[in-house]
Amino acid sequence: MNPFQFTRANTTQAAVSAVSKETGAYFLAGGTNLIDLVKREVIIPERLVDINRLPLATIEETASGIRIGAMAKNSAVADHPLIKKHFPLLSMALNAGASAQLRNMATVGGNMMQRTRCPYFYDHSMPCNKRSPVQSGPFKGQLNGPAGCGAIGGVNRMHAIFGTSEKCIAVHPSDMCIALAALDATVNVTGPKGNRSIPFAEFHRLPGDAPQKDNTLLPGELILSVDVPKNEMSKYSHYLKVRDRASYAFALVSVGVAADMKGKTIQDIRLAMGGVAHKPWRLAEAEVYLKGKEATLENFKQAATLAMQGAKGYGENDFKLTLAPNAIIEALQIATQTV
Amino acid sequence: MENENNAGEPESTGASRRAFLKQSSALAAFALTPPAAVHAVERGLDEKVAVAFEQQPLRVEINGVAQQLSVEPRVTLLDLLREQLNLTGTKKGCDHGQCGACTVHVDGQRVNSCLTLALTTEGSKVTTIEGLGSVDKLHPMQEAFIKHDGFQCGYCTPGQIMSAVACINEGHANSPDEVREYMSGNICRCGAYANIVEAIMEVKSKGGRI
């Protein structure tokens, strides 16, 4: 690893101040992705600001839902009685990600901030528009590898089919974020200009012309917590993850479902997909279509057709155009217990 | 300053290591004859001085022994254990959090020591395979791995055993399927998985925390 400075922050203000005042300073939470990126020189930091001492790991009930501290470990959230009771979808999604060791390290905030696992992003000899130029330090201004997108026309089996741009077709790798997007979470952040809340759907962004930006955080902003509003959908929830091996692999396609059922009728439903876009992909049209309808295979097929509108394959990932709708149908059947 | 290096307060070590290296190299180039300067660089002298310059104090308990150490920020817990403390039971496999060979316990939780910066373990209790049992008195999980032949080459074994102990203590060893899922972060290229699961299920069947 390249050398860097290390600061241990004892207050959120001190952490924000340390990261704001220095280009090339990064918050260090669980480190499961950041340290890997530093080892691979995808990120060359001047300073890491350790935020593990900040009191941000609480999981508590609020008037309208559950507030999850940004520093709560993935394993602690997945196993927490409040989360299992109210949001089994979130528990399932968390447990579908990474390994038990990594979940003991990884935090909720860090999970949201993790970078794509696109192989071109990690490989300096390959073109990548997301691996942005080095911002500061002795390597300042260096491109950190050539610009362009190696995945378009290259090895793109894992890549996006929705919301791509000609600059980038990478996917967001998180499972947890698919559940949080489906559950209409809100992200509370603090920064140099004070506190604000960001709807989860607006936290991550599509690549467009600026694929180096994964999210809408402003420089120096720190995630404090995530609010998940209570709903009546805990009983009919499922997270279906399709991957190359049975465990410990990123999703080819994943589907998160939470529904409120009355008899066979879907009163309300939330649907989101992973492994298909640069951000958690909410299936709004399919949700509207299914609301008030019976939980039948025919209706699920129609919902999947609606959800797949606008999907585009890039060669090696064309199979996702078939896999994704099938996964939607299967997840709906399992969640609504109509298999 | 104590071990805490508070953000927002003036830094005790102002100059960066690279700035120091630049300065010392310039001085060396100026003061020494070229062959001597070359020798100094070859022997890594200014590198060694710079390393000492950037070290930060670390207090951590490792296998029950309180340690007061000086550590560079970029040193991982894995490298600290192996290179500085000579605890080579913890293995470096992929060094990227993908294989689990480096698994240790920090405050009772299993983690990948290759992705843990040593300085983030300040005030923690670390347990490695060396702290689990001894040659005279093996840990029940170590005995079970031997009994069930839970390894061939043995390289992944320390990580497997540390992970297996945590798997039971977390309450995630209630069936062979659950063990397979919660042990998936430990790769065994010899393919001793079936025997590893048997070893864990046997220890689990005896009940209690281990």
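Data overview
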item: Residue-averaged beta-carbon neighbours from other chains (10 angstrom radius) around B:172-179; result: 1
item: Calculated [θ] (222 nm, deg cm²/dmol) that DSSP helices of n ≥ 4 give over chain A, each run adding -39,500 (n - 2.57); result: -7000 deg cm²/dmol
item: For the protein assembly as shown, size of Cβ-based charge dipole, Lys and Arg +1, Asp and Glu -1, in debye; result: 600 debye
item: Calculated from backbone phi, Karplus (6.51, -1.76, 1.60) coupling profile of the stretch A:19-31 in Hz, x at Gly/Pro; result: 7, 5, 7, 9, 5, x, 9, 10, 6, 10, 9, x, x
item: Pair-distance profile P(r), taking every C-alpha pair of chain A, with 10 angstrom steps and integer %; result: 6, 26, 34, 24, 9, 2, 0
item: Average Cα contact separation per residue, the stretch A:5-53, under 8 Å, 6 or more apart, as relative contact order %; result: 55 percent
item: Mean Cα-pair separation over length for chain A, i.e. relative contact order, pairs under 8 Å, 6 or more apart, %; result: 16 percent
item: Loop-resident sites, the stretch B:112-192, for trypsin sites (Lys or Arg not before Pro), counting at most 12 other Cβ within 10 Å (DSSP); result: B:LYS137, B:ARG189
item: Note, ³J(HN,Hα) from phi for the stretch A:271-280, Karplus 6.51, -1.76, 1.60, rounded to Hz, x at Gly and Pro; result: 9, 9, 10, x, x, 10, 8, 6, 9, x
item: Lysines whose Cα lies under 17 Å from that of B:LYS204, excluding same-chain neighbours fewer than 8 positions away; result: B:LYS147
item: Test item: B:112-124 mean partner chain Cβ contacts at 10 Å; result: 5
item: Residue mean of other protein chain beta carbons inside 10 Å, A:218-228; result: 0
item: Ordering of A:293-304, A:46-57 by packing [mean C-beta count within 10 Å, highest first]; result: A:46-57, A:293-304
item: Most mobile of A:GLY310, A:GLY145, A:GLY97 in a GNM of chain A (Cα contacts under 10 Å); result: A:GLY310
item: Calculated Rg and Dmax of the stretch B:53-131 using C-alpha coordinates, Å; result: 11.3, 33
item: Computed over the stretch A:236-335: relative contact order in percent, which uses C-alpha pairs under 8 Å that are six or more apart; result: 26 percent
item: Highest average packing first - B:60-69, A:264-273, Cβ atoms within 10 Å; result: A:264-273, B:60-69
item: Long-range HN-HN contacts of B:ILE62 with modeled amide H, under 5 Å; result: B:GLN67, B:VAL126
item: Chain A: most fluctuating residue of A:VAL42, A:VAL226, A:VAL171 per GNM, C-alpha cutoff 10 Å; result: A:VAL42
item: Positive-pole candidate from B:PRO73, A:ILE266, A:LEU94, dipole of the protein assembly as shown, charges at beta carbon; result: A:ILE266
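Computed from the coordinates by the stated procedures, all read-outs in this text should not be read as laboratory data. Just so it is clear, the structure is predicted and the values come from calculations on it, not from any experiment. No Cβ is skipped: glycine too gets one built from the backbone with ideal geometry, and neighbour counts run over all protein chains shown.
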